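The structure under discussion appears below in the form of structure tokens.
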Amino acid sequence: MNLEMVMQELEALGKERTKKIYVSNGAHEPLFGVATGEMKPIAKKIKINQPLAEQLYTTGNYDAMYFAGIIADPNAMTEADFERWMDAAYFYMLSDFVVAVTLAETDIAQEVADKWIASGEELRMSAGWSCYCWLLGNRPDGEFSESKIANMLEIVRNTIHDSPERTKYAMNSFIYTVGVSYIPLHEKAVETAKAVGPVEVKRDKKKSSFLHASENIKKAVVKGQLGFKRKHVRC
């Protein structure tokens, strides 16, 4: 399948209701409004195709950019490629659920995510913390430096309330993910979540939302999810 064929198939799958949901979350034109589950049959036909993924991502069409992440070959991408993708990721559904997810399947994931976390840019920071969530929720605990993750928890504890709004979500998710999926620091994550308390996130033209990592970790423990790891990062 070439670019034109994929775009035609995506457009045919678009729904106005889904489009409105995406727009309410920050997407803008061009987009079709394709539910992510609807993309799977096309992905099965194409499998992995990095050149096509690049063509789709550069269209600026949200659905095409999302689909690009599904068929991308993460290990064919360099740090410069990920920086380029981040430059075009204009809202969190791209930064955290396309770019960060794709990065999480590479060997350079921590190195790049560390730079993004230190960047001071809202969506890069959000993608960096989100990437660690995808990593911790998928890879064996032994792949991570316990002291490094502990230090990251301290950074979250000390800075989350003063961080950019979208970054707060990702940092809160990081506390939760360490608490549930990284056994060596479960207790420290629980302690951090309690110290942080509810995190207020302000949203444009909407009421603030409050994030509760402590409560969510408790719920996961009750459900027997401690030590949970995903089989795959990408769908």
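Using the Cβ of Asn61 as centre and a radius below 13 Å, the other residues enclosed give a net charge of -4, where K and R count +1 and D and E count -1.
Angle of helix 186-196 to the longest C-alpha principal axis of the chain, folded into 0 to 90 degrees and rounded to 10: 90°. Rounded to the nearest 20 debye, the dipole magnitude of the chain is 1120 debye, with +1 charges on Lys and Arg beta carbons, -1 on Asp and Glu beta carbons, and the Cα centre as origin.
Each Lys or Arg adds one and each Asp or Glu subtracts one; over the other residues with Cβ under 10 Å from the Cβ of Glu122, this totals +1. Among Phe144, Ile70, Ser214, which residue has its Cα positioned farthest towards the positive end of the charge dipole of the chain, with +1 placed on the Cβ of Lys and Arg, -1 on the Cβ of Asp and Glu, and the dipole taken about the Cα centre? It is Ser214, whose Cα lies furthest towards the positive end. I want to verify a result. In a Gaussian network model of the chain, Cα cutoff 10 Å, which of these has the top mean-square fluctuation: Glu111, Glu165, Glu83? Highest fluctuation among the options: Glu111. Give the separation of the Cα centroids, the range 32-46 to the range 57-79, in Å. One Cα centre to the other: 13 Å. Dividing the mean sequence gap of close Cα pairs (under 8 Å, 6+ apart) by how many residues the chain holds gives a relative contact order of 14 percent. For the range 1-138, the Cα gyration tensor yields ellipsoid semi-axes of 24, 17, 12 Å (square root of five times each eigenvalue, largest first, whole Å). Each label was represented as a point 7 Å from its Cα along the Cα-to-Cβ direction; for Asp141 and Lys223 these points are 2.0 nm apart. Its relative contact order, with pairs defined as Cα atoms under 8 Å and 6+ residues apart, puts the range 4-71 at 32 percent. Once the Cα-Cα distance is subtracted from the 0.36 nm per residue extended length, the Lys115 to Lys47 segment shows a gain of 21.4 nm.
Computed over neighbours whose Cβ is under 13 Å from that of Pro30, the net charge equals -2, Lys and Arg +1, Asp and Glu -1.
The dipole here belongs to the range 38-118: it is taken about the Cα centre, uses +1 on the Cβ of Lys and Arg and -1 on the Cβ of Asp and Glu, and is about 420 debye.
Rolling a 1.4 Å probe over the protein heavy atoms gives the chain an accessible area of 49 Å² per residue.
Rounded to the nearest 10 square angstrom, His28 shows an accessible area of 90 square angstrom against a 1.4 Å probe.
In whole Å, what is the distance between the alpha-carbon centres of the range 172-220 and the range 102-146? For the range 172-220 versus the range 102-146, the Cα centre distance is 17 Å.
The values are calculated or read from the model by the stated rules, or taken from the named source; none is laboratory data. Computed from a predicted model, the values in this text were never measured in an experiment. Counting neighbours? That spans all protein chains shown, and the Cβs are built from the backbone with ideal geometry, glycine included. These accessible areas exclude ligands, DNA and RNA; they are computed on the full protein's heavy atoms, side chains included. Shrake-Rupley method; radii C 1.70, N 1.55, O 1.52, S 1.80 Å.
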